[in-house]
Each structure stands twice: as C-alpha cells, then as structure tokens.
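Every number in this text was worked out from the coordinates using simple rules, so none of it is lab data. Everything numeric here is computed off the predicted structure, so don't read it as measured data. All Cβ positions, even for glycine, are placed from backbone atoms using ideal geometry, and neighbour counts span all protein chains on display.
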Amino acid sequence: MADAFSCINSKNKTIIMKINYQTMTRLLFPFLISGMLISCGHADKKATLEKLKQKQAMLKEEISKLESEISAEDSTAVTEKGKEVGIITVTPQVFKHLIEVQGRVDGDENVTVSSKIAGVVSRIFVKEGDEVKEGQLLAEVENNVLLQSVEEVKTALEFTTNLYNKQKNLWEQKIGTEVQFLSAKNNKESLEKKLATLNEQLDMSKIKSPLNGTVDAINIKVGQGIMPGMQDIRVVNFNNLQVKAEVAETYSSKVKKGNDAVIFFPDLNKEIVSKISYSAKVINNTTRTFTVEANLDADKQEYHPNMIVVLKIIDYQNDSAIVIPVNLIQQTESKQFVYVAVNEDGKNIARKKEIKVGQIFNGKAEIISGLTLNDKLVTAAYLDLTDGMIINLSGL
C-alpha cells in the first residue's frame, strides 16, 4: 500500500508541474507577441514617415510646376494670382571698397622742449596759445652764478687783452722777450675760451623754441626744480598736422601712397577728403601692422594733436559698376542668384539669374557677371519666388 501511494504522489507532482508550465506559457505568450509587434511597429513607423516625407517633397515640386503651367496657359489666372513684387532698374554706379582704421592727429613739428641743465625755473616768458618763432626764449633756469662768472671773466679778459696788445707792440719793436709776448697771448686766449664756455653754459639755462609754432602746453612753474629730459613746454606747428594710423599687414599690398582717403572726426562730426601721403614698408613685429599717414590741409584751427579720427582708405574703386544690396542675393550650395522680372508674351515673369559677386562693402555688393544694365531686379517679396512664376510689378 505504501509503495502504491508513493507512486500516485509522484505521478500527481508530474501532472501538476505540466499544468503549471502550460498555464505560464499561455499567460506569457501574449506579452511576448505584443513586445515583438511593438518593436516591429516602431521600425515600420519610421520607414513610413520617411516615405511620406519623400512623397510630400515630390508633391510640392509637382504642384509648383502645375501652377506655373496653369498660370502660363490661363491669362485670367495671371491677373488674379500674380505675386506682387517690388523692383528697381539696374543702373551703373560708383562702387568703393574702404578699409576703416582708427588713427590720431599728429604732426612732424610737434615737440616737447626741456631744459639742458638742472636748476630752478626763474622766469617764464610765454603763455599757452602764444605764437613763437624758432629760437625765441620761452623760459629760463636760475643762472645768477653763471652771470657773475661771465662778468668776472669779461673783466679779466679785458685787462689781459690790453696787456697782450701792449706786449705785441713792444715785440714788434724788438723790445722785450718772446716769452713775455707768448705768455700774454696765451693768457688772453685762455680767458676767451673760458668766456665762450661760460656763455654756452649760460645759454643752456635758457629754454628756447626749436621751431615756428604755437605754445600748446606749459608744464613748469616759476620756482620749480627741473632736470634735463623733463617735458617742460610743448610747441606745435599746426601748419604741418597730419593723421597717423596703423593698418593690418593683410592690406599691405593694397594700401599705397596716393590712395584716396576719407578722414572722419567723431568729436566734430565732420569728414574731409585726403590722400595717403606715406605708407611704411616695414611691418611691426609685435602688432603686425604698418604705419600710414594722411595730410590735413584745411581748417587746422579745429584740429588738435592726439585727436581721435577714423581713417577710411579707399583700396578699390569701380566708377561704372552694377551694385545691388547684399540681402537680395540668395545662395545654394555652390551658386548665388537673384530674381529679375522679364516680360514674356505680355506677362511679367520671375526669372532666376546666377551671378558672380566681386567686392562687398557696407551692405552693397559689386556684381561682376550675371546682371546687365536695365535689368528689372526684384527687391521685395523675392524669397517666395520660383523661376517662371507670374508676378505683378511695383516700383518701376
């Protein structure tokens, strides 16, 4: 009995395990199938979306072609559906390309005068704004000791000169010795040289103008101690003012002496026309720039040394160019084009024209090829145009 009961239990366990496995399989199978369907469905959606996008692009292209064909065949449709655009007539213009750099007013005759010796300022003979001549005395350093020395030497020289003259007369009459004559001559010449040295030292105590010009600044006061090398008084010749600027070496082959230039004074809100009077050949190693200069020839009383200016150098000019606004130019991967209006069979049609652009400056582009004079260039509502579209014109 025990063996039989054991056998039955073993069979029951096997049956129960089979039942459980089948039950789990039935429960999990739908979930596995759903997961597979979801995964496949996601990939199918992407593929379907790509196909639809391709069809959409093809449909748009076909619609555009059909609209153009229908418009061309139906004169009534032209009148009703023509796109309103603005145009201008292409005419020859002067095109200039400019290089703009910041500069300053300067001059070859703009100097700061300093004393040649150390001392105390005793007198100042000019004031700012005075016109002075070359060599004119501007100020003086205390020199009383030198003046006294000069007077002493002058007195001694006068006495020595008299002795020399008397000894010379005696020597010419063969009276006295040669040694007496030579001694008198030597004393006289020594005092003359000493007086010359003292006069030079006295002259060094005087600050003089090195040029004709105007006293622009006085940086010393009476009683102030000064030394050689200090910037005591500045004198400027306003007849030789010019503009100096530093230009990047990129333009070294374009900027030359004689180039036309425009000088703008921001503080004066004024522009004048000039020319480049000097263009350096040497490039600065540190700044990678070279110096240019332009002359100032008029209204010099308005200009001041170190005044900031904007120097506009004309490095390219075409006196009869086709010039259009840069924003009208549209571009594909390798080509640039604009739209022009043409009359075909009594209808105004938009036509795409490929162009080649030259120089660009200040929002304007020089057109080298692709446009001709009297072309009707579309300037408004041009972004939505297609080649062959019927248009209505305004701006003639």
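Here ASP216 qualifies as under 24 Å from LYS133 (Cβ atoms), touching a residue at least 24 places away in the same chain (Cβ under 8 Å) and of a type in the set (Asp, Glu). Scanning the range 107-123 for residues that are under 43 Å from the mean Cα position of the chain (by Cα) and surrounded by 13 or more Cβ atoms within 10 Å (Cβ to Cβ) yields GLY107, GLU109, ASN110, VAL111, THR112, VAL113, SER114, SER115, LYS116. Quick check: is even one residue across the range 158-166 aliphatic (A, V, I, L, M) and crowded, with 17+ Cβ neighbours inside 10 Å? Scanning the range 158-166, I find no residue that is aliphatic (A, V, I, L, M) and crowded, with 17+ Cβ neighbours inside 10 Å, so the answer is no. The set of residues in the range 341-396 being among the aromatic types (Phe, Trp, Tyr) and either surrounded by fewer than 12 Cβ atoms within 10 Å (Cβ to Cβ) or assigned to a loop (DSSP other than H, G, I, E, B) (or both) consists of TYR382 alone.
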